[in-house]
Amino acid sequence: MINLFLLHREMNVLNIYTLFSLVTVRYLNEIKEFSADICALSRIPNYTSFISLNIFKGENAVSRINSFIEGYMSGNAWEDLCVQCYRIRYQKDNYTAIPAVQWGDAGIEGFTNKGIVHQCYCPERDYSDNELYDHQRDKLTADIEKLKKNADRLKALGVPPVAEWHFNIPEYKDSRILIHAESKRQEVLRDKKDKPSNYAHISENFQVVIKTAEDFTPEISRIIRTSLSDMKLNLAIKHSSEPNWSNCDSKKVSNIQRKIKAIMLVDDTDENLNKIVGIYVDYYISGLEILNNLRVNFPEIYEEIYLLEQSYKREVSIKILMNTNKTMNRTLFDEILNEFHSKLKQDFSSRFTEASISELKQDLIASWLADCSMEFRGINK
């Protein structure tokens, strides 16, 4: 059994489907298997910080994907991203970042001349929903205490009376954090009322506001598009090798099955046929949602992907139409996979993780298989 890494986590490689650049894998010491593109794997762990597309859902959107690849984001990387976002959004309000050197950052990452300050927190690992709430609650409590006690330091830095204290977290999964934030707001205002001279650095209209990555979607999109940060976007998910085919139109499934048979040059009795078809059905279903999420939340990035995909899809159609030898289907498909991966990597490696580029490749290939863009000569032709 081969052991490789998917981003920063080690895993067992169980099966390799070389023709389709696919592997079946499972994380070390876990039972559940899933499928991935072989190009997403590496021999050493990758600790590039990234932010998952999964937390950008858009208004009234309900994601059907609950299996995004677990990512890595250091606290410093999250803080750097937040500071970049505040620089962009609050440029007109003279946003000032506070570096944590010498006397420290006074419990805030930066401030504006309108009395907005912010503090960041990123979890150290993947927590359960309840654990995540506990850590976020404790961090918020500790930082509010810093705010209350740092009047002289904040005044020395030129921070105006604090009207809004923003708690920057990638996401929250428990509404109790909102209740806790409100209780801390009321606590600060009670303390200010009791000892006004000790809390002159707090505004009468003081607010505690929870701000997540989704609240800064336009800024994050700009940062990723213009490479203002090393932060990348992650689209990769764990694909089931046994998806629920009922979630996909039967005509689409039939198209995928027919074309996979033509590529493999096999009939319905082949033992790997349904496995490969199942994987591509899953890529097709999830790909529709991923691309729609990009279209809604990162329209500029989506437009660039769409233009590249349309351009190369025309090339693919020409290549396939010119192929008169069905025995060349395998070679042609392999060439298409490799070329498309290279094109995506060339244009998007500064914005997406390697696993995300592999995800995009297979999602779009699946859409070509399900639709009419990729029609190989069948075994009876």
Query raised in the report: Is there a residue in the stretch 329-350 that is crowded, with 20+ Cβ neighbours inside 10 Å, of a type in the set (D, E, K, R) and within 30 Å of ILE223 (Cα to Cα)?
Result: no
Query raised in the report: So which residues in the stretch 273-295 are exposed (fewer than 15 other Cβ atoms within 10 Å of the Cβ) and at pLDDT below 90?
Result: none
**Report entry** The listed residue being crowded, with 20+ Cβ neighbours inside 10 Å, out of contact with any His (no Cβ under 9 Å at 6 or more places or on another chain), outside the structural domain of SER21 (by TED's automatic domain parsing) and not charged (D, E, K, R), out of ILE202, ILE260
**Finding:** ILE202
Report task. Can you give me the number of residues within the stretch 121-136 that are in a helix (DSSP H, G or I) and either without any contact (Cβ under 8 Å) to a residue 24 or more places away in the chain or surrounded by fewer than 18 Cβ atoms within 10 Å (Cβ to Cβ) (or both)? Result -> 5
Query raised in the report: Between a first residue in the stretch 306-323 that is at negative phi and a second residue that is among the acidic types (Asp, Glu), which pairs have beta carbons less than 7 Å apart while being 6 or more apart in sequence or on different chains?
Result: LEU308/ASP347; ILE320/GLU375
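A quick yes/no check of all residues on (1) closer than 30 Å to PHE68 by Cα; (2) acidic (Asp, Glu):
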position	(1), (2)
THR327	no, no
PHE333	yes, no
ASP371	yes, yes
ARG377	no, no
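Name the single residue that is farthest from ARG295 (Cα to Cα) among those in the stretch 336-376 being assigned to a helix (DSSP H, G or I) and among the charged types (D, E, K, R).
GLU339
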Report task. Return yes or no: is LYS193 assigned to a helix (DSSP H, G or I) and exposed (fewer than 15 other Cβ atoms within 10 Å of the Cβ)? Result -> yes
Query - Odd one out for ASN94 among (1) polar (S, T, N, Q); (2) on the phi > 0 side of the Ramachandran plot; (3) assigned by TED's automatic domain parsing to the domain that holds VAL281; (4) at pLDDT 85 or above - result: (3)
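The values are calculated or read from the model by the stated rules, or taken from the named source; none is laboratory data. Note that the structure is predicted; figures quoted are calculated from it, not measured. With ideal geometry, Cβ positions are generated from the backbone for all residues, glycine too; neighbour counts draw on all protein chains shown.
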